[in-house]
1. At least 3 residues that are within 23 Å of Gln24 (Cβ to Cβ) and out of contact with any helix residue (DSSP H, G or I) (no Cβ under 6 Å at 6 or more places or on another chain) in each: list the helices (runs of 4 or more DSSP H) lying fully within region 313-432 that qualify.
2. Mind listing whichever residues of region 471-499 are surrounded by 15 or more Cβ atoms within 10 Å (Cβ to Cβ), farther than 16 Å from Thr443 by Cα and modelled with pLDDT of 85 or more?
3. Counting just the residues of region 273-293 that are modelled with pLDDT of 90 or more and touching a Pro at 6+ places or on another chain (Cβ under 8 Å), which one comes out surrounded by the most Cβ atoms within 10 Å (Cβ to Cβ)?
4. How many residues does region 473-497 contain that are more than 33 Å from the chain's Cα centre (by Cα) and basic (Lys, Arg)?
5. Just checking, does region 167-189 include any residue being aliphatic (A, V, I, L, M) and either under 19 Å from Arg222 (Cβ atoms) or in contact (Cβ under 8 Å) with a residue 40 or more places away in the chain (or both)?
6. Which residues, counting only those in region 419-446, are touching a strand residue (DSSP E or B) at 6+ places or on another chain (Cβ under 8 Å) and crowded, with 18+ Cβ neighbours inside 10 Å?
7. Of a type outside the set (A, V, I, L, M, F, W, C), within 30 Å of Glu266 (Cβ to Cβ) and in contact with a Phe, Trp or Tyr (Cβ under 7 Å, 6 or more places away or on another chain): is that true of Arg142 in this structure?
8. Determine the pairs where a residue that is of a type in the set (Gly, Ala, Ser), located within region 23-42, has a partner that is assigned to a helix (DSSP H, G or I) with Cβ atoms under 7 Å apart, the partner being 6 or more residues away or on another chain.
Amino acid sequence: MAALTQRLDLRQSQSLVMTPQLQQAIKLLQLSNIEVAAYVEQELEQNPLLERDDSGGDEAPAEPAGGDGDLPARDHEAPLLDSADGSAPAAASEAPLDTDSVNMWDGDSASALGTWGSGGRRDFDDPDFNLGDTLTRELSLRDHLLAQINVDIADPVDRIIGSQLVDHLDESGWFSGDVETIANGLKCEPARVEATLTALQRLDPPGIFARSLKECLALQLRDRNRLDPAMTALLDNLELLAKREHAQLMKLCGVDAEDFAEMVSEIKALDPKPGLVFEGSVAQTVVPDVLVRPVPGGGWAIELNQDTLPRVLVNQRYYTQVTKELRKKADRDFLTERFHSANWLVKSLHQRAQTILKVATEIVRQQDAFFRHGVQHLRPLVLRDIATAIEMHESTVSRVTSNKFLAAPGGLYELKYFFTSAIQNSDGGEAHSAEAVRFRIKTLIDGEPADDVLSDDKLVEMLRKDGVDIARRTVAKYREALRIPSSVQRRRDKSLGVR
C-alpha cells in the first residue's frame with residue numbers, strides 16, 4: 001500500500017472560456033432587432049463613451065475605435081444573386097451599413113402649411129404648446145357604454161347601478177360580476193340590479209353584458225330580429241353544433257337542410273366577443289430584418305433593413321481628454337473598461353449585421369425557386385446545409401435565424417420558415433419539402449368537388465402520382481395541422497351546404 005504523502009504537481013491543459021465579451025456577441029446574435037435596440041439603449045445609459053450615431057449615413061461607417069481594423073467593410077447590400085446559378089456579378093452595389101433615409105424638412109415650405117400662430121392656432125415655438133394635445137384618444141368600451149347609459153337610463157339610481165355593472169365587464173364585453181354581490185354593495189334589491197342589467201343588454205354593441213356564449217349570440221340575433229324558435233333551439237344545443245351533429249340539430253330545430261345551412265351561416269356571422277372592438281392595445285407590426293427585391297434581368301438583391309439597425313459610436317476624443325485629467329487609478333481603470341466595452345459593442349453589432357446578411361443571402365440562393373414560383377417549389381433545407389455553405393457553425397446559423405424576418409415580393413417570412421424536413425421522391429428524384437407538401441394537400445382539398453370528397457387514401461394516391469412518397473398517417477397529420485376536417489365530415493358539411 002502506497003504511503004499517504006503530500007505532492008505538488010504541475011499540469012498543463014487547454015479549455016475554452018466564454019469571456020463576457022464573447023457572451024455578449026452571442027447574445028446579440030440571437031436577439032431580434034427590437035430587443036437589440038432596447039439593449040443598445042441600456043448601454044447608452046450606462047456607458048459615457050457611447051453615443052448614438054445621428055449622422056444618417058452621410059459619413060463613412062465608423063469602425064470600433066482602437067480596434068484591430070481587420071473587419072470587412074460593411075455592406076449595405078449583399079451581392080446580387082443570379083437566379084440561374086447563384087453567382088454574384090462583378091459589379092455589386094455597395095453602401096455603408098449605417099446608411100439611412102432621413103426625412104428632410106425644408107423651412108421654406110412651412111408657409112405652405114399656413115401660419116400656426118394665426119386663426120387661434122399655436123406654433124411649435126409657443127412655450128405652452130404640447131404636441132400630445134394634438135393626438136386623438138381612442139374611445140374605450142367603458143366610455144362608450146357610460147355615454148349611452150347617461151342618455152338611455154333616466155333614473156339616476158339605475159345610472160349608478162349601470163356604472164357599477166360596466167366595471168364588471170371583461171375585455172370581451174361579457175358580464176363577469178355577481179348580481180347579489182353588487183346589490184349588497186349598493187344597498188338595493190337584486191331584482192333592480194337584474195332589471196338594469198337586462199336594460200344594458202340593449203346597448204351598443206349588440207351582445208354586450210352577456211353572461212354566456214348562448215346569451216351573447218341570442219342578444220345579437222334579437223337585435224337583428226332573427227331570434228325565432230328554431231334559432232333558439234339551435235342556441236340551446238351549441239355543443240351539438242361544435243360536434244357537427246347536423247342531422248340531430250335539424251330534427252331538434254324542425255328545419256330542412258337549406259334552412260339549417262342559412263341558420264349556421266347567421267351564427268358564424270355573429271361576434272362572440274363584442275367588447276374586443278374597443279380593445280386599446282395596438283398590435284405590434286413585424287418589422288423585417290432583411291429586404292429581398294428582384295433586379296432587372298433576373299436575380300435578387302438582398303439588403304439589411306436600415307430602419308432597424310441601431311447605430312452607435314465610440315467618443316474617442318472624450319476618452320482621450322478625460323484620461324489625461326484622471327489621477328486615481330480606479331477612475332482610469334473604470335474609463336478604460338468602459339472604452340473596451342464600447343469598442344466591443346460596436347464591433348459586435350457590426351459582426352451581427354454581417355452574419356445576418358451572409359445567412360440570408362445563402363437562404364435566398366438555395367430557395368431561389370421558392371421566391372420565383374411560390375411555396376410549392378420550397379426545397380427541403382436544414383441548418384447544416386447553410387452552415388456548410390457559409391463555413392459557420394450550425395449553432396450560429398440557428399441563432400441568426402431566430403426572431404429574424406425577411407420581406408420579399410411574396411410576403412413576410414421568418415427565416416426559420418425556410419427550414420423544413422424532406423419527404424422522399426417516389427421516383428428517386430429530388431426530395432420534397434414538407435411545407436410544399438402541406439400546401440399541395442390544401443390545394444387538392446380546396447379544389448375537390450362536393451360529390452367527390454378526397455379521402456386521405458385518395459390524397460396519398462394523388463401525391464404519389466406527383467412523385468411524393470408519403471404515408472397515409474402523415475397526410476392525416478398534415479391535414480389536421482391545417483385544421484381541415486376529415487373526408488367524412490367534409491362530405492356531410494357539403495351535402496348540407498355548410499362550409
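1. 329-366
2. Of everything in region 471-499, just one residue is surrounded by 15 or more Cβ atoms within 10 Å (Cβ to Cβ), farther than 16 Å from Thr443 by Cα and modelled with pLDDT of 85 or more, namely Thr474.
3. Val292
4. 3
5. yes
6. Thr420, Ile423, His432, Ser433, Val437, Arg440 - these are the residues of region 419-446 that are touching a strand residue (DSSP E or B) at 6+ places or on another chain (Cβ under 8 Å) and crowded, with 18+ Cβ neighbours inside 10 Å.
7. Considered against the rule, which asks whether it is of a type outside the set (A, V, I, L, M, F, W, C), within 30 Å of Glu266 (Cβ to Cβ) and in contact with a Phe, Trp or Tyr (Cβ under 7 Å, 6 or more places away or on another chain), Arg142 comes out as no.
8. Here the result reads Ala25/Ser348; Ala25/Gln351, each pair linking region 23-42 to a residue that is assigned to a helix (DSSP H, G or I).
The values are calculated or read from the model by the stated rules, or taken from the named source; none is laboratory data. Just so you know, these numbers come straight off a predicted model, no measurement behind them. FYI the Cβ positions are ideal-geometry reconstructions off the backbone, even for glycines, and counts take in every protein chain you see.
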